[in-house]
Amino acid sequence: MKTRILLDCDTGIDDALTLLYLAPLVRSGEIDLVAIGTVHGNVAPETGALNTLRVLERAGVHDVPVAVGAGRPMAQPVEFADEWHGTDGLGDIGLPEPAARPADVSAPEQIVRLARANPGELTLLAVGPLTNLGIALLLEPRLPRLFREVVVMGGAFDHHGNITGHAEANVWHDPEAAELVFAAGWPLTLVPLDVTHPTALDGAWLDRLAAGEGEVARFASRILEFYVTAYHRSLGVRGAVIHDALAAMLAVDPSLGEYTERPVRVELRGDRTRGATLWDRRRYADDGDRPAVRVAVRADAAAFQERLLSSLL
Ligand code: BDR
Ligand code: CA
């Protein structure tokens, strides 16, 4: 059965690379990109929607509805990630307005509407904070039974966080929503930092992209520059982790990953640990009625890097 994706994102440089990875698969008919919703996170959701449309237009993907979603988390103030993605979310390179406009529906309503209309058919791929998914779960209690699969980029277990020492960005931006999503009992695959970081692109990969002459490759190189500079500032090496594209690739081809199944919880109270994802690794652990989720623990980094590059080239 063809993968039919409903994407939720906060576009964002690695979100943009994810759209560029998916675009050739959409154009060739290998996958369906049914609709997209945006959420606060890297940028405000209105900015994220315009960025999403900008990227889709450059990638030659038209007629995918892009709906604006939640502008703030459920229980904390909103914060953006300018230092990683630029104030406009795409590296501040001065991109023009897109031709298309966002859809006339909110992202959580769009999730509910599409799930009801296509029961058991869609893969919900979430690569931003989980506020829209949390709201959709509150709007439609049957939602967990209406998706074929849910794939989320988020969390960190044996890897340190990337916002605090313990919390990964997508969970940290809305821990209450993440907790709703991890407790919902749907077929959920989580793609945490533990598995995205080992797929980091290095200088040689960036050089191969920079040598690409196509419009998409040039665009990808331009927006990546800001992200690569931020990465260098924080980690001291030339490279980039395209977290969201790995989640997308595992949604399209799960055989590139290895997985374990465990219940996952989000720390909601700790002064220093709020937003951390926790699992109980004891073999005899009893987590009550908390359902297990599938957590990616390894991915084929070489295949990821080659497939991403070939989409961009
Ligand atoms: C996640 O945080 C965002 O900045 C990225 O787009 C990605 O979704 C990585 O922690
Ligand atoms: Ca993202």
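The values are calculated or read from the model by the stated rules, or taken from the named source; none is laboratory data. Since this is a predicted model, take the numbers as computed values, not measurements. Cβ sites come from the backbone with ideal geometry, for glycine too, and all protein chains shown count toward neighbours.
Consider GLU213 carefully, then state whether it is farther than 20 Å from ASP158 by Cα, out of contact with any helix residue (DSSP H, G or I) (no Cβ under 6 Å at 6 or more places or on another chain) and not in a helix (DSSP H, G or I).
On the way: farther than 20 Å from ASP158 by Cα: yes; out of contact with any helix residue (DSSP H, G or I) (no Cβ under 6 Å at 6 or more places or on another chain): yes; not in a helix (DSSP H, G or I): yes.
So GLU213 passes the test.
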Are there helices (runs of 4 or more DSSP H) fully within the stretch 94-191 with at least 3 residues that are more than 15 Å from ligand 2 (Cβ to nearest atom) and over 14 Å from the mean Cα position of the chain (by Cα)? List them. 107-117, 131-139, 143-146, 175-183
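Within the stretch 290-310, is even one residue acidic (Asp, Glu) and at pLDDT 95 or above? Even if it seems obvious, please write down each step before you answer.
Our first condition is that a residue be acidic (Asp, Glu); within the stretch 290-310, this holds for 300, 306.
Remaining after also requiring at pLDDT 95 or above: 300, 306.
Yes.
In the set VAL228, VAL264, VAL293, VAL252, which member is under 20 Å from ALA81 (Cα atoms) and touching a Leu at 6+ places or on another chain (Cβ under 7 Å)? Walk me through how you get there before you give the answer.
On the way: VAL264 fails: under 20 Å from ALA81 (Cα atoms); VAL293 fails: under 20 Å from ALA81 (Cα atoms); VAL252 fails: under 20 Å from ALA81 (Cα atoms).
Result: VAL228 is the single residue among VAL228, VAL264, VAL293, VAL252 that is under 20 Å from ALA81 (Cα atoms) and touching a Leu at 6+ places or on another chain (Cβ under 7 Å).
Is it true that ALA296 is in a strand (DSSP E or B) and within 21 Å of LEU19 (Cβ to Cβ)?
Values: in a strand (DSSP E or B): yes; within 21 Å of LEU19 (Cβ to Cβ): yes.
The answer is yes for ALA296.
Could you go through the stretch 157-164 and let me know if any residue there is under 20 Å from ASP10 (Cβ atoms), surrounded by fewer than 20 Cβ atoms within 10 Å (Cβ to Cβ), within 14 Å of ligand 1 (Cβ to nearest atom) and hydroxyl-bearing (Ser, Thr, Tyr).
Our first condition is that a residue be under 20 Å from ASP10 (Cβ atoms); within the stretch 157-164, this holds for 161-164.
Now drop any that are not surrounded by fewer than 20 Cβ atoms within 10 Å (Cβ to Cβ), which leaves 161, 163-164.
Add one more test, that the residue is within 14 Å of ligand 1 (Cβ to nearest atom), and what stays is 161, 163-164.
From what is left, the residues that are hydroxyl-bearing (Ser, Thr, Tyr) are 164.
The answer is yes; a qualifying residue exists.
Hey, does the stretch 56-69 have a residue that's of a type in the set (Gly, Ala, Ser), within 26 Å of ILE5 (Cα to Cα) and not in a loop (DSSP other than H, G, I, E, B)?
Taking the stretch 56-69 as the starting set, the residues that turn out to be of a type in the set (Gly, Ala, Ser) are 59-60, 67, 69.
Filter again for within 26 Å of ILE5 (Cα to Cα), leaving 59-60, 67, 69.
Narrowing the set further to residues that are not in a loop (DSSP other than H, G, I, E, B) leaves 67.
Looking for residues that are of a type in the set (Gly, Ala, Ser), within 26 Å of ILE5 (Cα to Cα) and not in a loop (DSSP other than H, G, I, E, B), one finds at least one in the stretch 56-69, hence yes.
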Residue by residue through the stretch 199-249, note down the ones that are closer than 24 Å to THR123 by Cβ and surrounded by fewer than 23 Cβ atoms within 10 Å (Cβ to Cβ). THR199, VAL216, VAL241
Every residue in the stretch 181-193 that is within 16 Å of LEU278 (Cβ to Cβ) and buried (at least 20 other Cβ atoms within 10 Å of the Cβ), please. VAL181, PHE182, LEU188, LEU190, PRO192, LEU193
Can you find a residue in the stretch 55-70 that is closer than 24 Å to HIS173 by Cα, out of contact with any Ser or Thr (no Cβ under 7 Å at 6 or more places or on another chain) and away from ligand 2 (no atom under 13 Å from the Cβ)? no
How many of the residues in the stretch 1-32 are of a type in the set (Gly, Ala, Ser), assigned to a helix (DSSP H, G or I) and either buried (at least 24 other Cβ atoms within 10 Å of the Cβ) or within 16 Å of ligand 1 (Cβ to nearest atom) (or both)? 1
Identify the residue in the stretch 194-228 that is of a type in the set (Gly, Ala, Ser) and in contact (Cβ under 8 Å) with a residue 40 or more places away in the chain and, among all such residues, is farthest from ILE93 (Cα to Cα). ALA200
